[in-house]
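Student: Shown below is the structure under consideration.
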Amino acid sequence: MTTQETSGKYVYLFNDFDEAMARFDGEWDGVRGLLGGKGANLLDATRLGIPVPPGFTVTTEACNDYLDAGETFPEGLWEQSLQAIASLESMTGKKFGSAENPLLVSCRSGARFSMPGMMDTILNIGLNDEIVEILATRTHRPRFAYDIYRRLVQMFGGVVMGVPDEVFEAVITAQRRESKARADSDLDAGAWKAVTVRFKEIIRTYTGKEFPNDPYEQLKQATEAVFKSWNGKRAIDYREAAGIEHNLGTAVNIQTMVFGNIGDDSATGVFMSRNATTGEPQLEGDYLINAQGEDVVAGTRTTLRIGQLKDDMPEMFEELEQIAHLLEEHHRNMQDMEFTIEQGKLWLLQTRDGKRTAQAEVRIAVDMVGEGLISREEAVARVHPDQVDFFLHPQLDPEALLDIKAIASGLNVSPGAAVGVIAFDPDLAERWAREEGKDVILVRPETRPDDVHGMLAAKGVVTSKGGRTSHAALVARQFGKPAVVGVEEIEIDLDNHLMHIGEDLVIEEGESLSIDGNHGLIYYADLPTVVPDIQNAYLLKILAWADEFRTLGVRANADYPDDAQRARDYGAEGIGLCRTEHMFFAEERLPIMQRMITASSPTERAEAIAGLLPMQRSDFEGLFRAMEGQPVIIRLLDPPLHEFLPSAHDLMLELTDLKLRMQHLSSLKEMDNVLEEIEAKTKLLERVETLAESNPMLGTRGVRLGMLIPGLYKMQVRAIFEAACRCAVDGLDVHPEVMIPLVSHVGELESMNGPLKEVAEKVMAEHGIEVPQMFGTMIEIPRAALTAGEIAQTAEFFSFGTNDLTQTTYGISRDDAETGFLVHYLQTRLLKDNPFTSIDPEGVGRLMQIAIDEGKASRDNLEIGVCGEHGGDPKSIHLCHKLGVDYVSCSPFRVPIARLAAAQAALAD
Ligand code: PEP
Ligand code: MG
């Protein structure tokens, strides 16, 4: 809201709820924006008849006007605050600034979203040297009076006047020593009085200013300090990181003080309406008898569990239960509350929706449906997709993380925790894991297809280079291996089997490392993990409801039968992408693949291709069996060649080594062997150099390879249909869909489709059986999207390869994306989201829209999917739903997340 629209009313009493609501035509969000979360909830609770100490809220508009005017109070604000104080006086029968029966207040910030970095709290405003004296005498509680006074001076000195709190704490520690007191609670009135005198001296020396003796001046300065804290560095940094707008401003809550430290009939505590860890429906929290609020959180005294209050003060406990129940019903959410009991009278100081773990979130959502508090739709909308992720992977034990700091951070590309010993070499990783039963973390500068055996054997993967769609990220996600990539702080010295982090830390191969793939963090320790459970009954219920609401299908990207089975267990409705080149990662297959690529004669190539056929056939058969009754999209080979070949540099090094070795050999037979090896490697090097491309990602891959080596795709189609027919003969319901990658011109598809369909027909005729099938294409080049109408005349389905489509639309290399300028773009917020994580709606999304519209215009029943990494990203799933995509396809481990996100997209419609 702009200043022009403000009504000039800057201050709302806690019992002005109806007036605030009326201003926004009953829109709660408007009230929250004006009064902040804390203020809005306090006004609301007051209206519900809950005992809230009287108070008032200074609006976020007041804050914005104050800041806009160069830190001066806008007209009317101070007068309205004074009026509000007068109202509090008449409600409480006390008087602000009077020594007789002083009204004391607290001052707290309260933005629309709860925000670390904002000014927290100042208690006991309204005391000064004279008032405290009389209060001590009149109440006959001098210790209490001087203790609360020193708290005011300490908090005010710290928060408003900027003196570091450590200095005040040092004074208290010294005083304890002098008074021979073990704890603060052993210090008497005289001690606190002396401490306060010293605090004031410190304030004077540090700031050159006096602690204000005038209560009104205290109130004014405290209010200003809250306003200013909106523009404090920590608050700005937080807003930057959390994507909160900078123009919202904060409200200020001024509330009558109530005291939990007046005696043994007083207490203070914090509690939740349900267990925030497990979600169980019972009060959870802590309290202290005879204490002030901060003592509970400070941890200086051992707190009591809230259940104990039932014995200590049964009536108070019952009242707390009633309040919790009332507020839950009202907010239809679990509440996090603060209370104080002052001489047998209960007061609620604050309520807000409680933070909770993923387990608690799903349980509470399901329980609340059972209790009739929320609908199933709301329950599904409430659980954040990331919270589902939690159930799919082991996590580092949160307790263990309290005492340790990460040594480095990178991109959180594959969630879950992994703990193990470091191996810098994939063969070693495999050996340690397989033969010695060790848990291993594979640490590499980056990974390549011939590292996959090491990745599979490892518990987790770390790379120092690479982005979200790097090979390491892709493979790790696919196999559910926790991974952190692009950890720039790590320098790996492969020759000496070491890694360096910064100047001082050197870690050797074999030492322990723990990684947190959820947050992209690395710990130099062997940390304990906890394993949540995907079979959690509450989660299954949420996902079952999600399936009822969603209209978008969810398939999986899976290359192996095990993956496919897992995807199915997680609720996938088919395979949206089988990357056949991944089937050649296995150690014994890679050489055949290399031979196929580097063959120098048609015969040599035909032999290699024929060698691949039986392997492919059995792979596909496994997939079809695992996905019985569901569609399986098999993409024909799409290898950027460089991914499958040794690098020229490595080959040259090997050749130099071999030549050196020759000089030291003594047996002729050995010499012959080495000579033979040199000859073979030289030949390979020549081929690698001939095939080398400057931009392999834009080179001979996908259908282009198919065009150059027609036998290759024909072999794959034969393998697919032989496998399908074998399954069909056994009575299985199979649905192969053949997908051609990297098409940019309809001509490519036209010349491929005929011969490939012929092969399929031939194989089916050989087996005497027909299987339902489709031939389609990936849309991953802008030209394909722009000519989708033509392409759809040949293609029976489209699947958007949004990884390549993003790469080619933006002109940003998907492999280097997270290391250079893109980081700068994201940091400076030129881009809101990384386009390789969430589909860029204006560019890539627009191309998708064109392709969908024109594709469907050509072919009514065109099936349209998305199989890039975006298929598992909730934001992209929302976009896909809007664009009218039929299904998304993602890694098996993201299938449950995609189911939930798809339901949320449908519900948001
Ligand atoms: C894509 O480009 O989005 C895709 C799914 O194919 P790949 O990642 O294998 O290039
Ligand atoms: Mg692609």
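The values are calculated or read from the model by the stated rules, or taken from the named source; none is laboratory data. Given the structure is predicted, the values throughout are model-derived calculations rather than measurements. Reconstructed Cβ throughout: ideal geometry from the backbone, glycine too, with neighbour counts over all protein chains shown. The area values use the complete protein model at the heavy-atom level, side chains included, leaving out ligands, DNA and RNA. Shrake-Rupley method; radii C 1.70, N 1.55, O 1.52, S 1.80 Å.
Student: Could you compute the net charge surrounding residue 548? Neighbours are other residues with a C-beta less than 12 Å from the C-beta of residue 548; K and R count +1, D and E count -1.
Tutor: Local charge sum for residue 548: +2.
Student: Next up: Return the Rg/Rh value of the chain, two decimal places, where both radii are evaluated on C-alpha atoms and Rh is the Kirkwood radius.
Tutor: 1.07
Student: So, R0 is 22 Å and r is the distance between the beta-carbons of residue 526 and residue 506; what FRET efficiency does that work out to, to 0.05?
Tutor: The pair residue 526/residue 506 has a calculated efficiency of 0.75.
Student: OK, next. About its Cα centre, what dipole magnitude does segment 285-438 give when the only charges are +1 on Lys and Arg Cβ and -1 on Asp and Glu Cβ, stated in debye to the nearest 20?
Tutor: With Lys and Arg at +1 and Asp and Glu at -1, about 280 debye.
Student: Residue separation times 0.36 nm, minus the C-alpha to C-alpha distance between residue 831 and residue 178: what's the value?
Tutor: Answer, rounded to one decimal: 229.2 nm.
Student: If contacts are Cα pairs under 8 angstrom and at least 6 residues apart, what is the relative contact order of segment 411-561 in percent?
Tutor: Computed over segment 411-561, the figure is 26 percent.
Student: Let me ask something else about it. Can you work out D for segment 44-123 in µm² s⁻¹ from Stokes-Einstein, where Rh is the Kirkwood radius over C-alpha pairs, the temperature is 25 °C and the viscosity is 0.890 mPa s?
Tutor: Taking Rh from Cα pairs, D becomes 168 µm²/s.
Student: Please report the net charge: other residues with Cβ closer than 10 Å to the Cβ of residue 808, K and R +1, D and E -1.
Tutor: 0
Student: With every protein chain in place, what's the accessible area of residue 701 (1.4 Å probe, Å², nearest 10)?
Tutor: Approximately 10 Å² for this residue.
Student: If you average the sequence gap of Cα pairs under 8 Å that are 6 or more apart and divide by the length of the chain, what percent do you get for the contact order?
Tutor: Result for the chain is 9 percent.
Student: With every protein chain left in place, what is the accessible area of residue 438 in Å² (1.4 Å probe, nearest 10)?
Tutor: Its heavy atoms expose roughly 80 Å² to the probe.
Student: On a C-alpha basis, how far is the centre of segment 1-80 from the centre of segment 125-199 in Å? Whole number, if you could?
Tutor: When both Cα centres are located, 33 Å separates them.
Student: Report residue 29's accessible area, 1.4 Å probe, all protein chains in place, as a number in Å² to the nearest 10.
Tutor: Taking all protein chains as shown, residue 29 has close to 80 Å².
Student: Can you list residues from other chains, or at least 5 along the same chain, whose modelled amide H is less than 5 Å from the amide H of residue 632?
Tutor: The answer is 575, 735, 737.
Student: Rank these by accessible area, largest first, 1.4 Å probe: 740, 592, 236.
Tutor: Correct descending sequence by accessible area is 236, 592, 740.
Student: Mind scanning 193/220; 9/94; 38/405 and naming the pairs with a C-alpha gap bigger than 27 Å?
Tutor: Those over the limit are 38/405.
Student: How much area per residue is accessible in the chain when the probe is 1.4 Å and only protein heavy atoms are counted (Å²)?
Tutor: 42
Student: Rank these residues by their accessible area, most exposed first, probe 1.4 Å: 227, 73.
Tutor: Final ranking, largest accessible area leading: 73, 227.
Student: Which of the three applies to segment 77-191, rounded, prolate or oblate, going by the alpha-carbon gyration tensor with a ≥ b ≥ c and a/c under 1.5 meaning rounded?
Tutor: oblate
Student: Averaging sequence separations of C-alpha pairs under 8 Å and six or more residues apart, then dividing by the length of segment 58-181, give the relative contact order as a whole percent.
Tutor: Result for segment 58-181 is 15 percent.
Student: Sort 257-265, 596-604 by the packing proxy (mean of other Cβ within 10 Å over each peptide's residues), most packed first.
Tutor: 257-265, 596-604
Student: Share of the chain's accessible area from carbon and sulfur, percent, 1.4 Å?
Tutor: 49
Student: Starting from segment 332-390, pick out the GluC sites (Glu not before Pro) whose DSSP state is loop and whose Cβ has at most 14 other Cβ atoms within 10 Å.
Tutor: Counting only loop positions with at most 14 other Cβ atoms within 10 Å, the GluC sites (Glu not before Pro) in segment 332-390 are 371.
Student: Another question about this same structure. Could you compute how fast segment 360-466 diffuses translationally, taking Rh as the Kirkwood radius over C-alpha pairs and applying Stokes-Einstein at 10 °C with viscosity 1.306 mPa s? Give it in µm² per second.
Tutor: 96
Student: With helices defined as uninterrupted DSSP H runs, which ones in the chain have an alpha carbon span along their own long axis of at least 24 Å and mean Kyte-Doolittle hydropathy of at least 0.0?
Tutor: 189-207, 710-729
Student: Also: So how much slack lies between residue 680 and residue 493, counting 0.36 nm per residue of separation and subtracting their Cα-Cα distance, in nm?
Tutor: Answer, rounded to one decimal: 64.4 nm.
Student: Near residue 180, which aspartates and glutamates are there with a Cα under 13 Å away, not counting those fewer than 8 places off in the same chain?
Tutor: 188
Student: Once R0 is set to 35 Å, what does the formula 1/(1 + (r/R0)^6) return for the Cβ-Cβ distance between residue 209 and residue 75, expressed as a FRET efficiency to the nearest 0.05?
Tutor: 0.85
Student: Mind checking the dipole of the chain: about its Cα centre, +1 per Lys or Arg Cβ, -1 per Asp or Glu Cβ, Debye to the nearest 20?
Tutor: Dipole of the chain, to the nearest 20 debye: 860 debye.
Student: Residues of segment 89-106 with amide nitrogen under 20 Å from the 7 Å Cα-to-Cβ point of residue 189?
Tutor: Answer for segment 89-106: 98-104.
Student: Based on DSSP, what percent of beta bridges with both residues in the chain are antiparallel, to the nearest 5?
Tutor: Of all bridge pairs located within the chain, approximately 60 percent are antiparallel.
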